Every structure is written in C-alpha cells, then in structure tokens.
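What follows is calculated from the coordinates using simple rules that are stated; it is not laboratory data. Keep in mind it's a predicted model, so treat the numbers as computed, not measured. Virtual Cβ from ideal backbone geometry, glycine too; neighbours counted across all protein chains shown.
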Amino acid sequence: MQSRTLNEQDRARIAAAVCDAETKTAAEIYCVLARSSDDYRWPALALAALMALGAALFAVLTLPALWPGLGWSMTPLMVLIAQALFFLALAVLLRFCEPLRLMLLPDALKGRATRARALDLFLAHGLHKTSGRTGILLYVSLAERRAEIVADALLDAALDDAVFLQAVDALIGAARRGAVADGFMAAISGLTGPLAEAAPWTPADENELPDHLVEL
C-alpha cells in the first residue's frame, strides 16, 4: 500500500474537503500521509540479536541429542561464529525487507512510533500555534497501516473520544483497502459537524494552515 494510490484528482478532493469544512468551523484541519513512521533500525537489530541467540541455544541444546556425534565437534568458537553469521544475515534481511521487518515487530512498538510521529508533525508544522488553539492533524502511516488524530487544546477538550475513534477507523479502513483519499474524505466529513459545534466559523477567522495534503 503506497502513496501512488493517490492521483492529482484525489489530492484535489482532499484539499476541497478541508476547504469546505473550514467554511463551517474555525478548526484548522491538516492532513498528512506518510510512507512510514519510523525505519525501526534499532528494534530490527535487537530482534535479529534475539533471534540469533535463540537459534544458538536451540542448536546447542537440541542438535547433539539429534546427532550425538555432532556434539563432540561443536566447539564454543564454532557456535559463536555461526551465531554471528546468523545475526548478520538476519540484520541485513530485516534492514532491507520492510514487509518482513514490520510483520515481526510488535504491534505496540508500531503503534507508539505512529503516535510519536504524529505528535512530532503536529508540533513541527505549528498546529499548536493557531490563534484559537484549534489545530487538528489527520495522520495516516501506510507502512504500519495506522492512523492518528491529534487535536489542540480547545478541540481535544470539547470533542468526545468516540468522535476521534470513528474518524481514525475511517482513515485506517479506507487505507487498508487502498482508498486513502476516501479515508480522508470520510474522516473530514465525520469531524466537520462536531468541529463546527466546538469551534464555529466566524467572519474573523483566517486560514492559518495550508489545505492541501502533505505527503512524506
């Protein structure tokens, strides 16, 4: 599932949906689509080390029982060399095979990475600096197949968690079908009403953030 599922028409649809929503609410909606939230380099190395250690223990404990003659020929140095080679092979495989890396890493780790990346982007793009504290980030990370919504103080206090969860479900469900644009459209549509109640539009409102989708 890659960002190539989006075309110029999809990007225009998302921008138009943001623009239309912001005629009804003072909220500043910011949409981001990322290929991945992290490269997971260090967790992958740690995983490779654990797997190599496990393989070495398995070899030492089981192979001599299966092949009694082998136990006499397995020196500690041979085990250490085999373990190092296995570790290097795993480390290279996990480094360059993203689908396998993501499949083996824990969901909790990927969830934390996605949330952390969303929070970083919220701050990096100044969503916490809007005049009414009404910035809201809609973030989709394709590699992890996860989404996050981060809202500034006024909106976070005013909206129920169920509203955010429904929008996140729309983003994730559509992205998993390869329909990223539809996910953003559904999430924006579902949020517009609650956002308008929490932060209604007024003639004095200015558009403080760009409406177009940001792709990373």
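Here the helices (runs of 4 or more DSSP H) wholly within the range 141-206 that include at least 3 residues being in contact with a helix residue (DSSP H, G or I) (Cβ under 7 Å, 6 or more places away or on another chain) and of a type in the set (Gly, Ala, Ser) are 161-176, 180-198.
Scanning the range 179-211 for residues being surrounded by 14 or more Cβ atoms within 10 Å (Cβ to Cβ) and touching a residue at least 60 places away in the same chain (Cβ under 8 Å) gives a total of 18. Residues that are buried (at least 21 other Cβ atoms within 10 Å of the Cβ), out of contact with any strand residue (DSSP E or B) (no Cβ under 7 Å at 6 or more places or on another chain) and among the basic types (Lys, Arg) do occur in the range 133-150, at least one of them.
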